[in-house]
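Chemist: Right, I'll just put the structure down here and ask away after.
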Amino acid sequence: MFLKRSDVLSKAEQKILLKLARKSIAAKFSGRELPKFKSPFHRLEETRGVFVTLKKENKLRGCIGFVMGVKPLYQTVQEVAAASAFQDPRFSPLKEDELEDTVIEISVMTALRKISSIKMIKVKRDGLLVKRGDSQGLLLPQVARKNNWKRQTFLEHVCLKAGLDKDDWKNPDTEIMTFSAQIFEEPPQR
């Protein structure tokens, strides 16, 4: 699944979302509400799935998001940026002095698409979501790219993230879905 031209955010829209994510995290440090925002772009009002990933020294420091859009994109970015900094259970909350050295990456997602064959997965372009019963796991496209994984390794890792056995992607009761994402990031503020 490729990003359609209508799904691609402009550089100006990307810049606004990155600044908004950083300001949202900073506001939480000072106990303020998330910043008020009036979007100059209609596309930032769309409901889309989005993940905000925080990286420090090129290592994951937090990542939270929504697979599907439930609120306007700008508002979701605000909320998941703050959640990535303070609520990712894999990490201690971000400290204020870390923010300056933290790179913010945003992944704006396309809709999920259930696949009928793993041959439909284009590793490094697609993200994966696997689901069986109450268990589900998701890995963004850049995870496979960064680790130089092949299709089977990607499937195994997303199953493990879901709390399933690594080969459960072969189980006919396991749903496999793909999505694409527009991924953009900012440099550290220093």
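The values are calculated or read from the model by the stated rules, or taken from the named source; none is laboratory data. Just so it is clear, the model here is predicted, and its values are computed rather than measured. Please note: Cβ atoms are built from the backbone with ideal geometry, for glycine as well, and neighbour counts cover all protein chains shown.
Chemist: Which residue out of K95, K131, K150 is in the same structural domain as K170 (by TED's automatic domain parsing), loosely packed, with under 14 Cβ neighbours inside 10 Å and of a type in the set (K, R)?
Modeler: K150
Chemist: Would you confirm, using the coordinates I've provided, whether L160 is more than 23 Å from E105 (Cα to Cα), at pLDDT 95 or above, more than 17 Å from the chain's Cα centre (by Cα) and surrounded by fewer than 17 Cβ atoms within 10 Å (Cβ to Cβ)?
Modeler: For L160, the condition - more than 23 Å from E105 (Cα to Cα), at pLDDT 95 or above, more than 17 Å from the chain's Cα centre (by Cα) and surrounded by fewer than 17 Cβ atoms within 10 Å (Cβ to Cβ) - is met.
Chemist: Could you list, in sequence order, the residues of region 22-37 that are under 17 Å from D97 (Cα atoms) and either small (G, A, S) or part of a loop (DSSP other than H, G, I, E, B) (or both)?
Modeler: S24, A26, A27, S30, G31
Chemist: Could we say that W149 is in a helix (DSSP H, G or I), aromatic (F, W, Y) and over 30 Å from G31 (Cβ atoms) here?
Modeler: No, not satisfied.
Chemist: In addition: Taking only region 121-137 into account, find how many residues are touching a residue at least 40 places away in the same chain (Cβ under 8 Å) and either farther than 17 Å from T153 by Cβ or part of a strand (DSSP E or B) (or both).
Modeler: Residues in region 121-137 being touching a residue at least 40 places away in the same chain (Cβ under 8 Å) and either farther than 17 Å from T153 by Cβ or part of a strand (DSSP E or B) (or both): 8 in total.
Chemist: Further, regarding this structure: When region 49-63 is examined, which residues are found to be surrounded by fewer than 20 Cβ atoms within 10 Å (Cβ to Cβ) and either within 15 Å of G127 (Cβ to Cβ) or in contact with a helix residue (DSSP H, G or I) (Cβ under 9 Å, 6 or more places away or on another chain) (or both)?
Modeler: If the condition is that a residue be surrounded by fewer than 20 Cβ atoms within 10 Å (Cβ to Cβ) and either within 15 Å of G127 (Cβ to Cβ) or in contact with a helix residue (DSSP H, G or I) (Cβ under 9 Å, 6 or more places away or on another chain) (or both), then K56, E57 are the ones that fit.
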